[in-house]
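Report on one structure; see the data block that follows.
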Amino acid sequence: MASQEIETLTQALSRLPGLGPRSARRAVLWLIKRRETSLVGLLEALAAVRDGLVECTTCGNVDTSDPCGICADPRRDQRGLCVVEDVSDLWALDRARLFTGRYHVLGGRLSALEGVRPEDLAIGSLIDRVERGGIDEVVLAMNATLEGQTTAHYIAERLETYPVRITQLAHGLPVGGELDYLDEGTLAQALRARRPIG
Ligand SMILES: [Zn+2]
């Protein structure tokens with residue numbers, strides 16, 4: 001019978017994406033055995049995330065400053081804005097500097113099934129950014145899932161009246177493909193071959 005402390009930690013870990021109760025228990029045992037080495041490093045990393053990271057109020061990125069490093073970087077192309085579902089997608093696109101403009105994180109995708117409505121996503125703040133002007137192109141870099149594409153079309157409609165070019169990633173993307181699982185070559189190709197949303 002595990003102690004209460006171990007049980008609490010196991011439950012906390014099992015709520016992480018991709019970790020069920022069984023792998024959470026295995027991770028806890030692994031950490032207990034390496035209390036002096038790996039656990040200390042993990043605690044420090046967690047504390048650094050807790051104390052040092054904030055959400056950028058402009059784009060939704062997670063960084064040590066607000067505005068984030070990308071929004072504050074004067075070398076970034078102000079005229080290009082790339083809209084992504086989640087921060088992990090932003091990181092995937094930015095890892096290889098595939099996109100030279102700035103980003104806007106929606107915080108999810110529209111989903112009738114999960115009850116995610118437009119007002120649950122950062123769509124209002126996206127329209128505000130476009131409305132303020134200075135943006136020539138909005139790249140809709142949603143995942144190649146049904147919900148991702150529904151979201152892209154919804155946003156394209158909302159932006160229709162603004163003088164911006166609206167493009168989306170080329171459909172070289174595998175159907176059902178999630179951006180942060182793709183290799184850099186595939187992502188670069190999808191971005192280079194981007195086309196007006198139809
Ligand atoms: Zn930002």
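No value in this document is a laboratory result; all are computed from the given coordinates. Source: prediction; values computed, not measured. We place every Cβ from the backbone using ideal geometry, glycine too, and count neighbours over all the protein chains shown.
Worth pointing out:
- Given (1) in a loop (DSSP other than H, G, I, E, B); (2) more than 21 Å from VAL164 (Cα to Cα), index of the condition ASP77 fails: (2)
Quick grid of which residues meet (1) within 26 Å of the chain's Cα centre (by Cα); (2) assigned to a helix (DSSP H, G or I); (3) exposed (fewer than 13 other Cβ atoms within 10 Å of the Cβ):
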| site | (1), (2), (3) |
| --- | --- |
| ALA12 | yes, yes, yes |
| ILE32 | no, yes, yes |
| GLU44 | yes, yes, yes |
| ALA48 | yes, yes, yes |
| ASP66 | yes, no, no |
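- Scanning region 28-83 for residues that are of a type in the set (A, V, I, L, M), within 13 Å of HIS104 (Cβ to Cβ) and away from the ligand (no atom under 12 Å from the Cβ) yields a single hit, VAL83.
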